[in-house]
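*Asks:* Dumping the structure here so I can ask a few things about it.
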Amino acid sequence: CTGPHTFQHLYGLDSREDWLWPFFAGYQHIRMYDLNSNNPNPVISYDGISKNVTAVGFQEDGRWMYTGGEDCMARIWDLRSRNQQCQRILQVNAPINCVCLHPNQAELIVADQSGAIHLWDLKTDQNEQLIPEPDVAITCVHIDPDASYMAAVNSTGKCYVWHLTRGVKEEPTQLIPKFKLEAHKRYGLKCRFSPDSTLLATCSADQTCKIWKTSNFTLMTELTMRGSSPAETSRGWMWDCAFSGDSQYIVTASSDNMARLWSVETGEIKREYSGHQKAVVCLAFNDSVIS
């Protein structure tokens, strides 16, 4: 099915645990819809943002939502509040590409177009930053569910990996550089760890999604949209990806208006999802049983 959002451009989507109330992020708005209803209008709309909202996600109990955008601000919204106003703001010096919540639910990782990664400690409101490569935009950051590693991809196709220590109780997370992967030769777009923390996927403008083993960060599988014939027209960028709950499959979104389900082990396409009239640039995936 297709969600009922009316954004001209969609930059991010996510949902709370029940997956019946998805949130869509786009130009100046975050909107929530009821998938059980035929109502095409949003149930809730969070407004007052001047530019594109590029990231959206949720605290594990669904009490609050976090967003980031091209207005150089990361925001926290209390979903229990009726006034629909953000409660906390982190101001950075460049447009934000990605926001990721640490599994400890107490730190937000914010990546921006200047190449900076900000570690926002929500308990102390302190903000530390690191810059893997000056003036090279960080396009995505992600932390594995075990909170052992953090990965970041940038606009040159590199993927940086850090080992995480501390980050429990009152201790802030410490990042120890671990690997620098020459993951792609073109623009890096997304990085995602698998639910079992054994795999890392990276997506790129080079029409591939690569899957790496986290045991040694060597390449396991390359999923590609490139045709076998050099004369075949390019199918565009591989924009986003999401693993299945058992980490055996991965879904990708791409510029050829398609989403695809792949076998992680073999790289075989198991299913193709068509119907979109424009590029599929973001996705969220949940294959668990909803009670």
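The values are calculated or read from the model by the stated rules, or taken from the named source; none is laboratory data. If you're wondering where the values come from, they're calculated on a predicted model, not measured in any experiment. Cβ coordinates were reconstructed from backbone atoms using ideal geometry, including for glycine residues, and neighbour counts include every protein chain displayed. Surface accessibility is based on the protein's heavy atoms, side chains included, excluding ligands, DNA and RNA. Shrake-Rupley method; radii C 1.70, N 1.55, O 1.52, S 1.80 Å.
*Asks:* Go through segment 254-268 and report how many residues are part of a strand (DSSP E or B) and under 14 Å from residue 243 (Cα atoms). First the steps, then the outcome.
*Replies:* If we filter segment 254-268 for residues that are part of a strand (DSSP E or B), which is where we start, we get 254, 259-263.
Okay, now just the ones that are also under 14 Å from residue 243 (Cα atoms), so 259-263.
Residues that pass the stated criteria total 5.
*Asks:* For segment 135-194, give me every one of the strands (runs of 3 or more DSSP E) that falls completely inside it and has 2 or more residues that are modelled with pLDDT under 95 and not aliphatic (A, V, I, L, M). I'd like the intermediate steps shown before the answer.
*Replies:* On the way: elements: 138-143, 149-154, 159-166, 173-181, 188-193.
Fully inside segment 135-194 and qualifying: 159-166, 173-181.
*Asks:* Could you list, in sequence order, all residues of segment 158-183 that are within 18 Å of the chain's Cα centre (by Cα) and in contact (Cβ under 8 Å) with a residue 24 or more places away in the chain?
*Replies:* 158, 159, 160, 161, 183
*Asks:* Among (1) assigned to a loop (DSSP other than H, G, I, E, B); (2) open to solvent by 30 Å² or more (accessible area, probe 1.4 Å); (3) more than 18 Å from residue 199 (Cβ to Cβ); (4) in contact (Cβ under 8 Å) with a residue 24 or more places away in the chain, where does residue 236 come up short?
*Replies:* With respect to (1) assigned to a loop (DSSP other than H, G, I, E, B); (2) open to solvent by 30 Å² or more (accessible area, probe 1.4 Å); (3) more than 18 Å from residue 199 (Cβ to Cβ); (4) in contact (Cβ under 8 Å) with a residue 24 or more places away in the chain, residue 236 is out only on (2).
*Asks:* For residue 266, only one of the following conditions fails: (1) open to solvent by 20 Å² or more (accessible area, probe 1.4 Å); (2) in contact with a strand residue (DSSP E or B) (Cβ under 6 Å, 6 or more places away or on another chain). What is its number?
*Replies:* Failing condition for residue 266: (2).
*Asks:* Is it the case that residue 135 is of a type in the set (D, E, K, R) and within 24 Å of residue 212 (Cα to Cα)?
*Replies:* no
*Asks:* Looking only at segment 62-90, count how many residues are modelled with pLDDT of 85 or more and on the phi < 0 side of the Ramachandran plot. Outline the logic, then answer.
*Replies:* Start the filter on segment 62-90 by keeping residues that are modelled with pLDDT of 85 or more, which leaves 63-78, 87-90.
Adding the requirement that they be on the phi < 0 side of the Ramachandran plot leaves 63-71, 73-78, 87-90.
Selection size over segment 62-90: 19.
Let's see how each residue does on (1) touching a Lys or Arg at 6+ places or on another chain (Cβ under 7 Å); (2) of a type in the set (Ser, Thr, Tyr); (3) closer than 24 Å to residue 139 by Cβ:
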site	(1), (2), (3)
37	no, yes, no
50	no, yes, yes
54	no, yes, yes
68	no, no, yes
84	no, no, no
87	no, no, no
90	no, no, yes
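*Asks:* Right, another one. Exactly one of these conditions fails for residue 129: (1) of a type outside the set (Lys, Arg); (2) over 23 Å from residue 238 (Cα atoms); (3) within 15 Å of the chain's Cα centre (by Cα). Give me its number.
*Replies:* (3)
*Asks:* Select from segment 33-63 the residues that are surrounded by fewer than 19 Cβ atoms within 10 Å (Cβ to Cβ) and part of a strand (DSSP E or B) and list them in ascending order. Walk me through it before giving the result.
*Replies:* From segment 33-63, those surrounded by fewer than 19 Cβ atoms within 10 Å (Cβ to Cβ) are 34-45, 47-48, 50-51, 58-63; that's our starting set.
Scanning segment 33-63 gives 44, 45, 58.
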